[in-house]
1. Is the stretch 185-301 rounded, prolate or oblate when judged by the Cα gyration tensor, a ≥ b ≥ c being the square roots of its eigenvalues, rounded requiring a/c under 1.5 and prolate requiring a/b larger than b/c?
2. Taking N as the number of residues in the stretch 48-197, what is its Cα Rg relative to 2.2 N^0.38 Å?
3. Is the C-alpha gyration tensor of the stretch 311-439 telling us rounded, prolate or oblate? Criteria: a/c under 1.5 is rounded; beyond that, a/b larger than b/c is prolate, otherwise oblate.
4. Would you mind calculating the gained length between Lys190 and Lys128 on full extension (0.36 nm times residue separation, minus the Cα-Cα distance), in nm to one decimal?
5. In deg cm²/dmol and to the nearest 500, what is the mean residue ellipticity at 222 nm of the chain if only DSSP H runs of at least 4 residues count, each as -39500 (n - 2.57), divided by the residue total?
6. Report the relative contact order of the chain, percent, no decimals, based on alpha-carbon pairs under 8 angstrom and at least 6 residues apart.
7. Which Cα, out of Val186, Pro207, Phe225, lies furthest along the positive dipole direction of the stretch 166-225 (beta carbon charges, K/R +1, D/E -1)?
8. In Å², what does the accessible area per residue of the chain work out to with a 1.4 Å probe?
Amino acid sequence: MRRSRARNAAAVTLAAALTAVTAGCGGGSSTDGEGSNDKPKELTYWASNQGTSIAHDKKVLGPELKRFEKQTGIKVKLEVIPWDSLLDRILGATSSGQGPDVLNIGNTWSASLQATGALLPWDDAHMKKVGGAKRFQPSALAAAGAPQKDPAALPIYSLAYGLYYNKKMFKDAGIDEPPATWAELVKDGKKLTGDGKYGVAVEGGDPVENSHHAFILGKQHGHDFFDPSGKPTFDSDGAVKAVKQYVDLVGGDKIAPPGNAEYAKRESVRDFAKGKAGMLLWQAAATSLKSNGMKPGQYGVAPVPVQAPGSGEKGTRSMVAGINLAVFKNSDNIDGSMKFAKFMTSDKEQRTLNAAYGSIPPVKAAQSDKAFDTPDLKVLREVLASSSAPLPQVPDESKFETLVGNAMKDLFADAAAGRKVTDASVKKELSAAQQQMRK
C-alpha cells in the first residue's frame, strides 16, 4: 500500500469517517434516471494517488479510461483521492451506502473492508469473468481478503519494500556493497552520517509507513502483532524489539535526522534523491526518485536487511504491498463495474499502468514485458516471490496501522527531542495502542 495516511486513531471509527465523506460520495452512477430500463452508461471510480501527484494520475489514467469508454460506451467519472483521506472516505461510503461503483483500496485494508460487507465478493463466478484467479500472483491474492473467504478485491498494482542506496555516497564512504543485515545497515549508516548528511531517511510522521516497518521487523523478530485467533499482541517482546529498532534510527543510532520524525509526504524520498541521506527503505521508488531529479544509474536497490541470514518468517524483507480494485455491492451498474475490472486487470492495461507507476503487475502474464526487467524491479519481484508476507488479514488490520503507527510517531517525536527511547517506553506506548484496539 502506498503511503501516507496521518490521522488520529479516532478517525478509523465509522462516525468520524462519516464526517470525512461529506459530499464526495455519489451513491450510484446511472445517468438514465430512476426506473429506467436502460443500463447505466457511467461509472464512478475512486482511484488512489499512485503517481507523483494527482495531476500525474489523471494524465496516466485519462487516456486509458477514454479507451475503456470507446470499447464499452461506458463513461468513467474519475476522482483521484490522496492517501491521507482515502480510508476515511471509503469507511464513510461503506456505512452510508453512498459511494462509487469501483474504487482502489490499499491491499492491507482488504480484510477490514471485507468485514463491512460493502464490497462485492470475487467468488468463482465473478473471478471467471476476469479470466480466473490463476492469472494473478498468489502472493497478491493472499492480500485480497481474509483466509478461507472469496477475495474482496482484485490486485492491480504490486509493490515491495527495498533498500535504495546512493552509489556515490557509498563509494565515498568506502562501503563496497549494500548491507545484508540490520547491524550492517547501522554500521554503514554511521559511516555515511556527517557534514550535514545522514545514513538513512525515514518517514517518522507517517503512521502507515511506520506500521509497515514495524510489521517487517516484527516478522524478523518472530512476531506478528496478532495471534492466530486475531487477538492483538502489540506489546509482546518481539513487537517491542521491532519498534525500538526502527525508532532508534533517529534515537539511539542517530543515523537518520531528527527532522525526519515529522516527515509524512514522501519527504524522505526527496532527501534521498537530493543526496541528503545515503539509504532509503521504500516501496518501488523509481518514479518518485525520477520526479525528484535522481537518475537510475545514481542508485542501487537491494533487499531490505534482516537480523541475520535465515529463512522463514525471520527472513521476511517486505510486506506484500500493493493496491487492489474493489466493486461496491450497491453499485447500480454491477455489469459495467465488472467490465471495468476486467479492463483494468487485462494484460495490456496491467503493462501500461504498472509501467507508468513503476510498480509490478500482479497479473503474471503482464510481467514478461521488458519494462519490468529493470534492476530495481528484478530485486523487488524476487522479494515479493520469496521473502514477503501479507499483513494480518483480520478485520481490525486498518486500526493496527493507525494505532501502532501513531504510537511510533510519538516515539519518533521523543527521539527527535532528545528524550531516550527505551524498551519500557516502547512497551508503554504499544500497550496503550493495544488498549485502544480493544475499545
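The values are calculated or read from the model by the stated rules, or taken from the named source; none is laboratory data. In this text, all values refer to a predicted model and were calculated from it rather than measured experimentally. When we count neighbours, we look across all protein chains shown, and the Cβ atoms used for this are built from the backbone with ideal geometry, even at glycine. Calculation scope for accessible area: heavy atoms of the full protein, side chains included, ligands and nucleic acids excluded. Shrake-Rupley method; radii C 1.70, N 1.55, O 1.52, S 1.80 Å.
1. Values: a/c = 2.28, a/b = 1.70, b/c = 1.34.
Judged from the Cα gyration tensor, the stretch 185-301 comes out prolate (a/c at least 1.5, a/b above b/c).
2. That ratio works out to 1.43.
3. Numbers: a/c = 2.76, a/b = 1.60, b/c = 1.72.
Because a/c hits 1.5 or more and a/b fails to exceed b/c, the stretch 311-439 counts as oblate.
4. This chain segment gains 17.0 nm when fully extended.
5. Numbers: 17 runs with 180 residues, N = 439.
Dividing the helical sum by the residues of the chain leaves -12500 deg cm²/dmol.
6. Details: 907 pairs, mean separation 114.5, N = 439.
Relative contact order for the chain comes out at 26 percent.
7. The residue sitting most towards the positive pole is Val186.
8. On the way: 17550 Å² over 439 residues.
With all protein chains present, the chain gives 40 Å² per residue.
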